Amino acid sequence: CCLANINLANMVDEDGEFNWKRFARSVRAGVQFLDDILEINNFPIEECREVGLRSRRIGLGVMGYHYMLIKLGIRYGSEKCLEFTERLFMAMRDEAYLKSVYLSRDKGPFPAFDYKKFLDQEFAKSLPARIRMLIKEHGIRNAIILNTPPTGTTSMVMGVSSGIEPIFAAMYKRRFRDANVWKETIVIDPLFEKYYKEKKDLSVFAGAYDVTPEEHMKVQATIQKYFDSCISKTINLPASTKAEDFSEIALNYAEYLKGMTVYRQGSKGMEPLEHI
């Protein structure tokens, strides 16, 4: 997996405005960066190298999505959130695909490229006409470009919310094992603590179980529309959720998703994270 993620929380300026120019530059740089990695990477065996370079698959994704929304004063899963998300990931898709086209113009398309087959794919059909015409003219450098993993470790290193997930909670209990001993600690979300000390609006800090299952699904479906590969997203269900209740919601959105992961609160003993 040749992956990298843009820190969306870093795209909001001090004045609370989203910096679209910085975001576009980051998307273009990310595609260039990942494509270059394919060239310098040491593959374990020659067969892996042949497969990797035949399609030149990369995965540019994001992290800090919820922190970005908080800084913009937008509640996760709200109508305003969905509208902004639509605009954001449409821009990301277009910038990423244009960059891959320009790399193809300068360096050549991925070896397995066939413009008729490529443009006949469902995702390619959703691209703007201009980008489709450029792909026909210049080809495209990467068969797959966009992907969002959980970013669990990297988001912790960067001190932001993970992937496209909401924060777990503004304050929660964390369980961990120290040698053979289970221990617990109280965790306060760092951005929540900062906002609290600065007396800023705290109403936008909706945690994973404050967001309804349908709101979770709407966010995932909106983002998936603009990603050519899978995205990682957990649908958090309250402990009281019944299978038949969720089934209807799931069926309403299943056709818009490549995959679905659900977790019902309390379904696993000694949960690593717990509301307090």
Of the conditions (1) open to solvent by 40 Å² or more (accessible area, probe 1.4 Å); (2) closer than 22 Å to V62 by Cα, G266 satisfies every one except a single condition; which number is it? (2)
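Just give me the residues in segment 52-66 being part of a helix (DSSP H, G or I), open to solvent by less than 80 Å² (accessible area, probe 1.4 Å) and over 16 Å from G163 (Cα atoms), in sequence order. Steps first, answer last, please.
Step one: list which residues in segment 52-66 are part of a helix (DSSP H, G or I), which gives 52-55, 65-66.
Now drop any that are not open to solvent by less than 80 Å² (accessible area, probe 1.4 Å), which leaves 52-53, 55, 65-66.
Residues satisfying the conditions are G52, L53, S55.
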Just to verify a result, which residue in segment 188-235, among those that are in contact (Cβ under 8 Å) with a residue 60 or more places away in the chain and in a strand (DSSP E or B), is farthest from I74 (Cα to Cα)? I231
So which residues in segment 1-26 are open to solvent by 90 Å² or more (accessible area, probe 1.4 Å) and outside any helix (DSSP H, G or I)? C1, E14, D15, E17
If I70 satisfies all but one of (1) of a type in the set (V, I, T); (2) part of a helix (DSSP H, G or I); (3) closer than 18 Å to T148 by Cβ, what's the number of the condition it fails? (3)
If you go through segment 27-38 one residue at a time, do you hit one that is touching a helix residue (DSSP H, G or I) at 6+ places or on another chain (Cβ under 9 Å), open to solvent by 10 Å² or more (accessible area, probe 1.4 Å) and acidic (D, E)? no
I'd like to check which helices (runs of 4 or more DSSP H) are fully inside segment 78-182 and have at least 1 residues that are open to solvent by 10 Å² or more (accessible area, probe 1.4 Å), acidic (D, E) and within 29 Å of T234 (Cβ to Cβ). 79-107, 122-125
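Checking the conditions here, which among K242, K258 is surrounded by fewer than 17 Cβ atoms within 10 Å (Cβ to Cβ) and farther than 17 Å from A124 by Cα?
Working: K258 fails: farther than 17 Å from A124 by Cα.
Sole residue among the options that is surrounded by fewer than 17 Cβ atoms within 10 Å (Cβ to Cβ) and farther than 17 Å from A124 by Cα: K242.
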Only one of (1) open to solvent by 50 Å² or more (accessible area, probe 1.4 Å); (2) in contact with a Phe, Trp or Tyr (Cβ under 9 Å, 6 or more places away or on another chain) is not met by L69, so which one is it? (1)
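The values are calculated or read from the model by the stated rules, or taken from the named source; none is laboratory data. Remember, it's a predicted structure, so these values are computed and weren't measured experimentally. Virtual Cβ from ideal backbone geometry, glycine too; neighbours counted across all protein chains shown. Calculation scope for accessible area: heavy atoms of the full protein, side chains included, ligands and nucleic acids excluded. Shrake-Rupley method; radii C 1.70, N 1.55, O 1.52, S 1.80 Å.
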